[in-house]
Number of protein chains: 2
Amino acid sequence: MGNLNKEIRDGDHPDITEERLKSTFDTHKMAAQIYNSQRAADRRNEITSAVLKIPELQDIKPLPFLSREEKVEEAARKIGILSEHLYDLVNVNDGAELYHLNNVVIGGEGNPLALHGVMFIPVLQAQATDEQKKKWLYRAMKREIIGTYAQTEMGHGSNLRKLETTATYDKATEEFVLNSPTTTSMKWWPGNLGKSTNYAVVVATLIINEKDYGPHSFMVQLRDENTHKPLPNIEVGDIGPKMAYNATDNGFLKLNHLRIPRTNMLMKHVKVEKDGTYIKPPHAKMSYSAMVHVRAHMNNTMAYFLASSLTIAVRYSSIRRQGHINPKEPEVKVLEYQTQQHRLFPHIARAYAFSFAGAETVRLYEKVKKDMESGETELMADLHALTSGLKSVVTYLTMQGIEQARQSCGGHGYSMASYISEIYGIAIGGCTYEGENMVMLLQLARYLMKAAKAVKEGKKVEGLVGYLSAPDNRHSLIDRTPEKSYDTYLKTFEHIARQQIFRAFDKLEKMLTSGLPHSEAWNKCSVELTRASRLHTRLFIAQAFARRVHDVVDFHIKEALDDLLHLHLNYELLDVASYALEDGHLCGEQMNFIRSELYRSLGKIRPNAVSYVDAWELSDMELRSVLGRRDGHVYENLYKWAQNSSLNRTDVLPVFEKYLKPLMMSARKNSKL
Amino acid sequence: MGNLNKEIRDGDHPDITEERLKSTFDTHKMAAQIYNSQRAADRRNEITSAVLKIPELQDIKPLPFLSREEKVEEAARKIGILSEHLYDLVNVNDGAELYHLNNVVIGGEGNPLALHGVMFIPVLQAQATDEQKKKWLYRAMKREIIGTYAQTEMGHGSNLRKLETTATYDKATEEFVLNSPTTTSMKWWPGNLGKSTNYAVVVATLIINEKDYGPHSFMVQLRDENTHKPLPNIEVGDIGPKMAYNATDNGFLKLNHLRIPRTNMLMKHVKVEKDGTYIKPPHAKMSYSAMVHVRAHMNNTMAYFLASSLTIAVRYSSIRRQGHINPKEPEVKVLEYQTQQHRLFPHIARAYAFSFAGAETVRLYEKVKKDMESGETELMADLHALTSGLKSVVTYLTMQGIEQARQSCGGHGYSMASYISEIYGIAIGGCTYEGENMVMLLQLARYLMKAAKAVKEGKKVEGLVGYLSAPDNRHSLIDRTPEKSYDTYLKTFEHIARQQIFRAFDKLEKMLTSGLPHSEAWNKCSVELTRASRLHTRLFIAQAFARRVHDVVDFHIKEALDDLLHLHLNYELLDVASYALEDGHLCGEQMNFIRSELYRSLGKIRPNAVSYVDAWELSDMELRSVLGRRDGHVYENLYKWAQNSSLNRTDVLPVFEKYLKPLMMSARKNSKL
């Protein structure tokens, strides 16, 4: 096993082995960078190996051939098997191990217990009193009951204050009356609400003595624990097929004056007493934390989706031969084309960048969580702003990268055998859930405008916006200084973000000065504001990438990451260059330099391309892609895969006797007349 | 019916009627612009109305609820019904009428006879001798047989010269022996090849006396005409589910030394005589024309897909209320947000632009076709270059626009009830089929480099590349001249395209001078070359849009189109501005002007937004979208739609008894111990 690339096996397609032999770095050491420790990278592989030894955990059939019912069943079947092996397979207190186990065994399309673990239990942990925890949380953790979290309504997603579901307190009986007064008030979208769960935390507008207290959480039993039939005054069901996540029964819920005990309101932070007295929570920011938790981890999820697609595309591009560069030579691997490299490699760099930015974000999240436990909320706003921007930018760029990966596979990319379109569907949900991207960008913009205002008032700002009050060069020093560090690039990104933030700020100020109400001025500036947020966030991503490369000790890993960073900085800068050209910060000569560095960089990355994706160590089982197979034996397996098609069950389909034969027969008869 | 917007009906959602009442133009007159004549626009509506009167032509169920078998059957069922009514519904010689009928009745997911009409018959028309036409074409036209065109192989798409299927001439028996020697040589992807068709034109490498004559077309009977069983030495089947087009049985075909008569080779242009003598075709460009035909029409198809998605998104945005601009006022239509306008309106402008550019392209195609009949091939290269660039740019921008439309619908955009993700899947195939986009851009680049060379040599070039030898201004005149025409913008686009074309040319020349072989130099310049092709094509689109607006007579239509053009030019220019900033052609002050025009433009478009999409006159039947309903009654119909979910057939799914109950029961039992 002297090979640096750890994916080489006997019998592999020689074209892919040829690539792996060129690796300049140890792919498993690189995995330690991606997964933040060698131990974590080891554990991933150990878990995968252990899973492979349990035949019942394998997909009964490639998932694209299953109907929705079959997908839901298949996932439930595996949950059952998993529950027998869970403690042998993973440390159940390690989120990363659980996440990996889920990716390998279940995959991204969902399962009947998805929301149970990700939302129901955490919400109970965060919002239930000790007494309530005894009643529900422990049962939930043992899976005596299965729950979900029902917040979104058909008519309202982002604007929580306008949720229409009401929980009206009835002092006489000490009950809340939960009601869905309109079609739009139905809960709509919550995962597993439709068919799988028997409990839900329902968010409803609390009303006491006709006064509206805003959204609060209530525990609602949806179905009989034994028969699973919906309880009286409850209508639940599945909302139908979606772009992806079709193993998940996203559901609707209509509550018809359902009465629940007062003690079913989750009362850790806020209370309604028997007499209807309402007691406020101690600090309002408490409720942020669940959303922020998910957002803080989304960078890594997105990096994973992007890396999955790129693993498929790059591996396939190394065995797919098509066309000639030199007409006298044999057909070349499509990976030799500069256009293909340009289509794929910058996204490889982004996947790494998102992973590194994600690690920093999670660290900040952990710090803020600790701080909050001791009542310290200073960094909460920073974290909220950062995760809002990253969530939006990272999901958007991930979507772009996955789609380019898919297209780079040509026709076969369009087949579900590539599985990239499924990954696309799964990933792209992230542009909308957990805070719609435009809304998120505008939340970050609020924070940026506050900082800009402070700077304009002569104050010094620090932390993530510190660069706003730092000294700036009139002209970028890219290609103008002998030193080889990336500071010149990062300074240029800073300049670009700063310029746009102040442009948006000035526009806003001008409108306010002209007498426009703030809300209208804000709306009229919102495109400029979102641009500012994006540029600020992309600066952060580039910085996080550079910081990581700086910290790496291993020479070969550092060198390989440095190549990716170099590509990243040149590619991203070209993408946003107009902002720096506009005020002469960059000039045409520098643009020529950046372009030539970009192209040089593609050539530099080329020999390591397969190794960069291999380093993510995504097993065939979790990739679920014929094109992305580790061994490169794509074609024969494409043929095998297609045999599963429901249309291939018989040589002649019923549609022939029913429709096609009569059509042709009547034509032939007419011809004979 | 005094309303300018013709979609207003009693009982519609007041929020959408409010929009329509604001229309400044007659939507049906605008439809005449989109569909190129009032007559064509009238006919579309007449056909839709006639179809609505035939209940059997309605979808038995919303298509997203059908399995693949059901989709294939449902489409075949409609083909059967349609064949009874065809002559009453449309003029069968009018491609536009047939296309519209197909969109309304069948939709975009395909049908068992799709390739029969689009490829099998046209190929026979183009390549069969009169005798062969008698034998197969007339039977095909009467639908006594159903055929397809099998060219693409598992291992080869773009590179026709390397097709592995062989047709070896056996002089002794006067037969061709068709063979698939390898897995990769299997035909893979041809539509309807898997299950529906009984004949196919198969493209194979012709071999006579061990000499390779390249790809040729052969008629192959696949299945018994009566039993539909595959004939001996033929293996056919379905290739499995795809991103979309799942009502189409894209198939594979393996030929095992299948013998067919010599006379089954299509011999209109090329001949193999009994003794094996090969007779060449008179002119080689003949074979282009089928591909070019499809590409010439693709702009309009893409415009249609984009307009469909935008119709859904804009209508939905006019009834969806979420959040506040002024906190004291009720929730606003999401269409009021500048970010939403910026997300949607530029794509509306593009849909119109693509339609107008498409009309010009089809006119050029018709002219070239006529010219060719009289042996004139001069414009063929222009047409080929133009359609290559447009195909690539238009499919790419369409994909972007559809995805933005989908995301602009928030969570519900993710549901198949929006149908936008299905439209996306259908449209995006266009980035790959009929010439992969990168390959297409590089084909156009070859043409551009030839023109650039001519200019460098002091020659004057004309036609589509005429601007390369036209005089240029050092500085853009945008915001620098009192006249209000769009010439300043178009000149700036010309400058941008010209600069990039010569930048790519110079880079190529420099590499060639340094001694690099042409093929390698070409590859190393290919990203720059694709950029040149894109900018050239986007210039053409802007020009075509401006030409159309110039030609419109009706004042209100002209004004409304002028608003869209204004948005288009400012938006597109911002998108490519860095090219003009780099050499100082544009300056920061002009950028401020362009931005402010862009934002002003969004406000100008706003009141007409719904009317711009209504003008495409896409009926509910063809849109197949709950969110895009003409009447705006989205929510109650979303609820109705969801009732179709297969998961809603029973209150309790089998998965409960099978997996979830045992899981919970065993946990509860353990708790009691």
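Any read-out appearing in this document is the output of simple, stated calculations on the displayed coordinates, not a laboratory observation. Note that the structure is a prediction, hence the values are computed from the model and not measured. Note: ideal-geometry Cβ built from the backbone for every residue, glycine included; neighbour counts use all protein chains shown.
In table form, for the structure just shown:
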{"item": "Inter-centroid distance (Cα atoms) of the stretch B:135-185 relative to the stretch A:53-99, Å", "result": "44 Å"}
{"item": "Ranked list, fewest to most other Cβ atoms within 10 Å of each Cβ, for B:Lys280, B:Lys22", "result": "B:Lys280, B:Lys22"}
{"item": "Peptide-level mean, for A:411-423, of C-beta atoms on other protein chains within 10 Å", "result": "5"}
{"item": "Charge-dipole axis of the stretch B:260-352 as Lys and Arg at +1 and Asp and Glu at -1 on Cβ define it, positive-most pick from B:Asn300, B:Ile348, B:Ala313", "result": "B:Asn300"}
{"item": "Rounded to whole Hz, the Karplus (6.51, -1.76, 1.60) HN-Hα couplings of the stretch A:616-624, x for glycine and proline", "result": "6, 6, 8, 6, 4, 4, 7, 6, 6"}
{"item": "The stretch A:147-280: Cα Rg divided by the 2.2 N^0.38 Å rule of thumb", "result": "1.03"}
{"item": "Length-normalised contact order for chain B - Cα pairs under 8 Å, 6+ apart - percent", "result": "16 percent"}
{"item": "Local electrostatic count at B:Gln340 - Lys and Arg +1, Asp and Glu -1, tallied over other residues with Cβ under 11 Å", "result": "+2"}
{"item": "Average beta-carbon neighbours from other chains, 10 Å sphere, peptide A:146-153", "result": "1"}
{"item": "Space enclosed by the convex hull of the alpha-carbon atoms of the protein assembly as shown, per residue, Å³", "result": "191 Å³"}
{"item": "Peptide B:612-625, shielding by other chains (average Cβ, 10 Å cutoff)", "result": "0"}
{"item": "Beta bridges by DSSP in chain B, antiparallel share as percent, to the nearest 5", "result": "80 percent"}
{"item": "Burial ordering of B:Met665, A:Met621, fewest other beta-carbon atoms within 10 Å first", "result": "B:Met665, A:Met621"}
{"item": "Net +/- balance of residues flanking A:Ser418 in space, Cβ distance below 13 Å, scoring K and R +1, D and E -1", "result": "+4"}
{"item": "Whole-Å distance, taken between Cα centres, linking the stretch B:521-590 and the stretch A:486-530", "result": "26 Å"}
{"item": "Those lysines that a straight Cα-Cα span of less than 22 Å connects to B:Lys453, excepting residues fewer than 8 apart in one chain", "result": "B:Lys491, B:Lys507, B:Lys510, B:Lys524"}
{"item": "Two-decimal ratio, the stretch B:244-323, of alpha-carbon radius of gyration to 2.2 N^0.38 Å", "result": "2.05"}
{"item": "Cleavage-rule hits (GluC sites (Glu not before Pro)) in the stretch A:616-654: DSSP loop, at most 13 neighbouring Cβ within 10 angstrom", "result": "none"}
{"item": "Most to least packed among B:102-108, A:300-306 [average Cβ atoms within 10 Å]", "result": "A:300-306, B:102-108"}
{"item": "Ascending count of other beta-carbon atoms within 10 Å, so fewest first, for A:Thr184, A:Thr148", "result": "A:Thr184, A:Thr148"}
{"item": "Chain A, Cα convex hull volume normalised per residue, Å³", "result": "238 Å³"}
{"item": "Mean separation of Cα contacts under 8 Å, 6 or more apart, over the residue count of the stretch B:147-282: relative contact order %", "result": "27 percent"}
{"item": "Cleavage-rule hits (trypsin sites (Lys or Arg not before Pro)) in the stretch B:627-656: DSSP loop, at most 15 neighbouring Cβ within 10 angstrom", "result": "B:Arg649"}
{"item": "Counted charge near A:Ile208, where neighbours are those whose Cβ lies closer than 14 Å (Asp, Glu -1; Lys, Arg +1)", "result": "-1"}
{"item": "The stretch A:407-466 and the stretch A:342-398: distance between their alpha carbon centers, rounded to Å", "result": "10 Å"}
{"item": "Position A:Ala667, label points 7 Å along Cα→Cβ, spacing to each other copy in nm (shortest first, one decimal)", "result": "5.9"}
{"item": "Computed [θ] at 222 nm, deg cm²/dmol, the protein assembly as shown (DSSP H ≥ 4; -39,500 (n - 2.57); rounded to nearest 500)", "result": "-17000 deg cm²/dmol"}
{"item": "Distances in nm from A:Met621 to the matching label points in the other copies, shortest first (labels 7 Å along Cα to Cβ)", "result": "5.1"}
{"item": "Copy-to-copy label separations for B:Ser374, where each label sits 7 Å from Cα toward Cβ, in nm and ascending", "result": "9.0"}
{"item": "Cleavage-rule hits, GluC sites (Glu not before Pro), the stretch A:360-389, DSSP coil, Cβ neighbours within 10 Å at most 11", "result": "A:Glu378"}
{"item": "Test item: Cα-centred dipole of chain A, Lys/Arg +1 and Asp/Glu -1 on Cβ, debye", "result": "1140 debye"}
